[in-house]
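Everything below concerns the one structure shown next.
The values are calculated or read from the model by the stated rules, or taken from the named source; none is laboratory data. Just so it is clear, the model here is predicted, and its values are computed rather than measured. With ideal geometry, Cβ positions are generated from the backbone for all residues, glycine too; neighbour counts draw on all protein chains shown. Keep in mind that these areas ignore ligands, DNA and RNA; they rest on the heavy atoms of the full protein, side chains included. Shrake-Rupley method; radii C 1.70, N 1.55, O 1.52, S 1.80 Å.
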Amino acid sequence: MNIELLTIGTELLLGMTVDTNGAEIARSLSAVGVRVTRRTSVADRPEEIRAAVTEALARTGAVLTTGGLGPTHDDITKKIVAELYQAPLEFDERIWAQLLERFARLERKPAESNRSQAEVPRGAVVLRNRWGTAPGLWLEGAPGLVIMLPGVPLEMRNLLQHEVLPRLAPRGGGSVIRSRTVRTTGIPESALAERLGNVEREIGPLTLAYLPGLEGVDLRLSAWNFPPEQADERLRNAADVLRTRAGSNVYGEGEEDLAALVLDRARAAGLRLAVAESCTGGLVGTRLTEIAGSSDVFVGGVIAYDNRIKLEQLEIPEPVLLEHGAVSEQVARLMAEGAARRFKVTASVAVTGIAGPGGGTPAKPVGTVWLASTLRGSTVARRGLFPGSRYEIRSRSAQAALHLLLRQIDGTGQTD
């Protein structure tokens, strides 16, 4: 089955809101064998919504919309679709009773405009929204199938999973479109492609996409129109091939977060962690503490932005700073060792660098970063030269620091 997605909202076209709904819907539909052939965004204007729905139905016979089901004057999706199907809106007392019950539970009083959310196109199936006030709608007729969901991500997600996918899955034909992602870091996209070689031939008919970002390059494998078990097996085998070829630059799969993996490995090894940061200004510590349960592994850190803090808090000898500079292998090593000593932990990681836009020299250009990690008295260090803006350099530095520590914990860390 093919379907088109239509996300509705002027804020999407103005760039005020990022369309996360479209990506999530496409992933979920493909998992049950429903192929998204086109994604379109339009403003909250009647003529644009009408044209987009009409054209989508003409192409595929099915369209899923998000947005425009609320109680305000610009929420007009339901009205436009009802007109296209010549299905007059009818007030549904059952929906209104459910809305009143929800408002009472929240100790709120509904506005008169909320009554419009209980209006349903004649012949539509109501998809009950237990997470908000705008019910979803499933309308099927001569023009085709229109599925209308609210634009609020939480409500859309729950309606999709509980109401829409169970209805669409039988139409998927028994085949699925599934993907699996292998996550890499510390290697540019071009170098990674060269290392993988002609892997596409080896894993065919699966497809491979390179998805570069600040944290590294994700390798997304996709299996098209296979039975579920066969798709999973092919993806698993192909992921093993990618892992072998990419080597130590692979750190996880799917949505796995590098900081969470560091914490898991440290926890399993009985380690306690600390950080010492200069140019990243606490980003490494932030990445670690964003993970629930990090407190049983992560102890704390020092943001040694000024050299005085390096001297006083991390006990780096002043002659070393004067001779080698704050951005150097020697200082990075001493920062990591100083943090381990100060916090009485068995593992630590340090970052010192030049994030720019100023401060670079021919010998140490902007983007030069030294990283070091210490594990039970053994310290490794590596130099990085990261491209991009100040934000990008700092983000890449934090990711590289976590990767260095992970490799050392796993026994693959080394001085580059």
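Over the stretch 335-416, Cα pairs under 8 Å with separation of 6+ residues give a relative contact order of 27 percent.
Percent of accessible area on the stretch 1-156 owned by carbon and sulfur, 1.4 Å probe? Before the final figure, lay out each step's value.
Numbers: 3860 of 7480 Å².
Answer for the stretch 1-156 is 52 percent, counting heavy atoms of protein chains only.
How big is the equivalent ellipsoid of the stretch 154-291 along its three axes, where each semi-axis is √(5λ) from the Cα gyration tensor, reported in whole Å from largest to smallest?
On the way: eigenvalues 203, 106, 37 Å².
The three semi-axes for the stretch 154-291 are 32, 23, 14 Å.
Listed values for the stretch 94-111 are Karplus-derived 3J(HN,Hα) couplings in whole Hz (6.51 cos²θ - 1.76 cosθ + 1.60, θ = phi - 60°), namely 5, 5, 4, 5, 5, 5, 4, 4, 5, 4, 5, 4, 8, 6, 10, 10, x, 7, and x replaces Gly and Pro.
If you count only protein heavy atoms with a 1.4 Å probe, what accessible area per residue comes out for the chain, rounded to a whole Å²? Spell out each step's value before the answer.
Working: 19360 Å² over 416 residues.
On a per-residue basis, the chain sits at 47 Å².
By DSSP, the beta bridges lying fully in the chain are antiparallel in about 65 percent of cases. Local charge for GLU11 was computed over the other residues whose Cβ lies under 11 Å away, with Lys and Arg +1 and Asp and Glu -1, and equals -3.
Based on the Kirkwood radius over alpha-carbon pairs, what is the Stokes-Einstein translational diffusion coefficient of the stretch 135-229 at 37 °C with 0.692 mPa s viscosity, in µm²/s?
D, rounded to a whole number, is 198 µm²/s.
Which distance in Å, rounded to a whole number, links the C-alpha centroids of the stretch 62-133 and the stretch 332-353? Cα centroid of the stretch 62-133 versus Cα centroid of the stretch 332-353: 57 Å apart.
Note the count of lysine pairs whose C-alpha atoms are less than 30 angstrom apart in the chain, limited to pairs 8 or more residues apart or on different chains.
Values: LYS78/LYS109; LYS79/LYS109; LYS310/LYS344; LYS310/LYS364.
Final tally of qualifying lysine pairs is 4.
Taking Cβ atoms as reference points and 12 Å as the exclusive limit, the residues near SER397 contribute a net charge of +3, counting Lys and Arg as +1 and Asp and Glu as -1.
Each residue of the stretch 23-30 in turn: what ³J(HN,Hα) in whole Hz from Karplus with 6.51, -1.76, 1.60 and θ = phi - 60°, glycine and Pro shown as x? Per residue, the Karplus-derived 3J(HN,Hα) values read 5, 5, 5, 4, 5, 5, 5, 4 Hz. Computed from the C-beta positions of LYS344 and ARG39 and an R0 of 56 Å, the FRET efficiency is 0.60 to the nearest 0.05.
Shape call for the stretch 59-182 from the C-alpha gyration tensor, a ≥ b ≥ c root eigenvalues: rounded (a/c under 1.5), prolate (a/b greater than b/c) or oblate? Intermediate values should be presented prior to the final figure.
On the way: a/c = 2.16, a/b = 1.39, b/c = 1.55.
Oblate, because a/c is 1.5 or more while a/b does not exceed b/c.
Solvent-accessible area of HIS403, all protein chains in place: 10 Å² (probe radius 1.4 Å, heavy atoms, ligands and nucleic acids excluded). Note that the stretch 65-77 has calculated 3J(HN,Hα) couplings of 10, 10, x, x, 10, x, x, 8, 5, 8, 8, 10, 4 Hz, one per residue in order, obtained from phi through the Karplus relation 6.51 cos²θ - 1.76 cosθ + 1.60 (θ = phi - 60°); glycine and proline are x. Taking amide H as placed 1.01 Å from N in the peptide plane, the amide H of ALA62 sits under 5 Å from that of GLU4, LEU145, each at least 5 places away or on another chain.
Ordered from largest to smallest accessible area (heavy atoms of protein chains, 1.4 Å probe), the residues LYS310, LYS79, LYS364 come out as LYS79, LYS364, LYS310.
What a 1.4 Å probe finds exposed on the stretch 288-402 is 54% carbon and sulfur by accessible area, rounded to a whole percent.
The alpha carbon gyration tensor of the stretch 1-53 gives principal lengths a ≥ b ≥ c with a/c of 1.5 or higher and a/b no greater than b/c, which makes the shape oblate.
Ligands, DNA and RNA left out, the accessible area of the stretch 204-249 computed with a 1.4 Å probe is 50% carbon and sulfur.
Rg then Dmax, both in Å and based on the Cα atoms of the chain: 26.9, 83. Distance between the pseudo-spin-label points of GLU112 and GLU290 (7 Å out from Cα toward the beta carbon): 4.6 nm.
What's the FRET efficiency of ALA87 with ARG201 using the Cβ-Cβ distance as r and R₀ = 51 Å, to the nearest 0.05? Walk me through the intermediate numbers first.
Details: r = 52 Å, r/R0 = 1.01.
My answer for the efficiency is 0.50.
For PHE226, PHE103, write out the residues from largest to smallest accessible area, computed with a 1.4 angstrom probe and no ligands counted.
Solvent-accessible surface, decreasing: PHE226, PHE103.
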